[in-house]
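Undergrad: This is the structure, below, for whatever I ask next.
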Amino acid sequence: MPDTLAAAFRSLSNRNFRFLWFGQLLSATAMHADMVARSWLVWDLTGSSTSVASVLVARAVPMLILGLIGGVAADRFDRRKLLMIIQIWTLLMHVLMAVLLLSGIIELWHVYVLAFGLGAGMAMNQPVRTSIIPNLVAKKNMMNAMSLNSVAINSTRLIGPALIALLIAATDVGWAYVSAAGAFVLVIIFTTKIEIPHIPVTGGRGNPIHQLIEGFVFIGQNRAILALVLLGLGPLAIGFSHQVLLPQLVQEQYGYGIALLGVLTSVGAVGGLAGGLFIASRKDVSYKGKLMLFSAGSYGFALLGFAGASYLWMAFPLIIWIGASQTLFRAGNSATLMELAPDRLRGRIISATLLDTALSPAAGIAAGFVADQYGVSAGYLLLSAGCLGIVALTLAIYPKIKDL
């Protein structure tokens, strides 16, 4: 067991990756605080799953535009400096949200505007942060490093949302954003300590629009990468949007409040953490394609299970399985993309996957509308059918994905 744990965390022996990873750990803490607080705040203000999903749309809109720009920027400029600017911006968004809530002047439109601002930061952050990793760790440790990113996210999700929910129940939603702002102060400190080996960047040379188009042309000509982006629509877009249904599930189906929402979110991290540690402990993963297909498919079947989860005890194994499936898929998908993409295009390739994430609220709007009209089980049925349909479509278009 000690040897297995050492193997699982081997990339952390790299000083620079260690600082990047601790930054990921803290930024994930802030992200989960925001997700729990924002979902409950909007549900409390409106009592509508459609409204919860519509705020996610406000957060996702920047990903359709700025995510692609972030990919170009990651390939043109100093990635550490970009990361610093993005994190300072995100800190400002959390501070503004805390001030509005604690001063008692919060209105629904404030939530939309600041969700858009946080989405802008996230859209720029992901391609920059992910494209740094191949410059810090050896190729043989790429899957390990990507898995550790998932471990960071899920380890904070294990207890973070439950603690945030208890904090909100005991005080006010505003204090969730105070804690998120504090986490980002530490993220910025860790980022200042990262030293990225010198790599050629295009800087201000060349037309950024042409460079953006170059990335899409490369994706279009590389069927394997195109299939990986398409497959991500299942778990990363359609499946992930199931979170907009959780407040309604908790209150209407199970008769509980914010505390159970936090507990369910945290329990989901058990599966995510287990999946991340399993993959991270593998010295070599030669079955990434099969892993992605299995995890995306099992995600869809878990959502189908939620449609029939009449009793609370049924929700716990399902949310654990969803957490594990998502972690396995993200690790396999990100690592395979980084291995297939040349360094000069890595930021743009990762930014293309943001289109999957950006479409999540669109699926959430559809599921929220169906849940409001026909019940929460109908919303889960819709998401399950969409997720499983994407897996089948990807296999039909590019059967070789199972051999990646």
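The values are calculated or read from the model by the stated rules, or taken from the named source; none is laboratory data. Source: prediction; values computed, not measured. No Cβ is skipped: glycine too gets one built from the backbone with ideal geometry, and neighbour counts run over all protein chains shown.
Residue by residue, here is whether (1) surrounded by fewer than 17 Cβ atoms within 10 Å (Cβ to Cβ); (2) over 20 Å from the mean Cα position of the chain (by Cα); (3) at pLDDT 85 or above; (4) in a helix (DSSP H, G or I) holds:
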{"residue": "D3", "(1), (2), (3), (4)": "yes, yes, no, yes"}
{"residue": "F17", "(1), (2), (3), (4)": "no, no, yes, yes"}
{"residue": "F22", "(1), (2), (3), (4)": "no, no, yes, yes"}
{"residue": "M35", "(1), (2), (3), (4)": "no, no, no, yes"}
{"residue": "D44", "(1), (2), (3), (4)": "yes, yes, no, yes"}
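Undergrad: So for region 175-194 (the condition being touching a Lys or Arg at 6+ places or on another chain (Cβ under 8 Å), crowded, with 19+ Cβ neighbours inside 10 Å and modelled with pLDDT of 80 or more), does at least one residue qualify?
TA: yes
Undergrad: Of all the residues that make up region 367-404, how many are among the aliphatic types (A, V, I, L, M), closer than 19 Å to L233 by Cβ and surrounded by 16 or more Cβ atoms within 10 Å (Cβ to Cβ)?
TA: Number satisfying all stated conditions: 11.
Undergrad: When region 126-157 is examined, which residues are found to be farther than 13 Å from I350 by Cβ and of a type in the set (S, T, Y)?
TA: Residues satisfying the conditions are S147, S150, S155, T156.
Undergrad: Additional query: Picking from L328, L359, L337, which residue would you name as being touching a residue at least 12 places away in the same chain (Cβ under 8 Å), within 17 Å of the chain's Cα centre (by Cα) and surrounded by fewer than 21 Cβ atoms within 10 Å (Cβ to Cβ)?
TA: L359
Undergrad: For region 298-312, what are the residues that are part of a helix (DSSP H, G or I) and not aliphatic (A, V, I, L, M)?
TA: Those that are part of a helix (DSSP H, G or I) and not aliphatic (A, V, I, L, M): S298, Y299, G300, F301, G305, F306.
Undergrad: Now, a different point. Could you give me the residue pairs with C-beta distances under 6 Å whose first residue belongs to region 250-271 and is over 13 Å from V36 (Cβ atoms), whose second residue is among the small types (G, A, S) wherever it lies, and which are 6+ apart or on separate chains?
TA: G271/G323; G271/A324
Undergrad: Continuing with the same structure: Sort through T171, T156 and tell me the only one that's of a type in the set (S, T, N, Q) and at pLDDT 80 or above.
TA: T171
Residue by residue, here is whether (1) within 16 Å of the chain's Cα centre (by Cα); (2) under 23 Å from L163 (Cβ atoms) holds:
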| position | (1), (2) |
| --- | --- |
| I238 | yes, no |
| E252 | no, no |
| L264 | no, yes |
| G275 | yes, yes |
| L293 | no, no |
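Here is a yes/no grid of residues against (1) small (G, A, S); (2) in contact with a Pro (Cβ under 9 Å, 6 or more places away or on another chain):
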position	(1), (2)
T353	no, yes
D372	no, no
G375	yes, no
C387	no, yes
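Undergrad: Can you tell which of L264, L273 is in a helix (DSSP H, G or I), modelled with pLDDT under 85 and over 25 Å from L382 (Cα atoms)?
TA: Only one candidate qualifies: L273.
Undergrad: Sticking with this one: With I390, I397, I401, I349 as the choices, which residue is out of contact with any Lys or Arg (no Cβ under 7 Å at 6 or more places or on another chain), of a type in the set (A, V, I, L, M, F, W, C) and modelled with pLDDT under 80?
TA: The match here is I349.
Undergrad: Of everything in region 139-172, what is surrounded by fewer than 19 Cβ atoms within 10 Å (Cβ to Cβ), more than 17 Å from V267 (Cβ to Cβ) and touching a helix residue (DSSP H, G or I) at 6+ places or on another chain (Cβ under 9 Å)? Give them in sequence order.
TA: Across region 139-172, the qualifying residues are K139, A169, D172.
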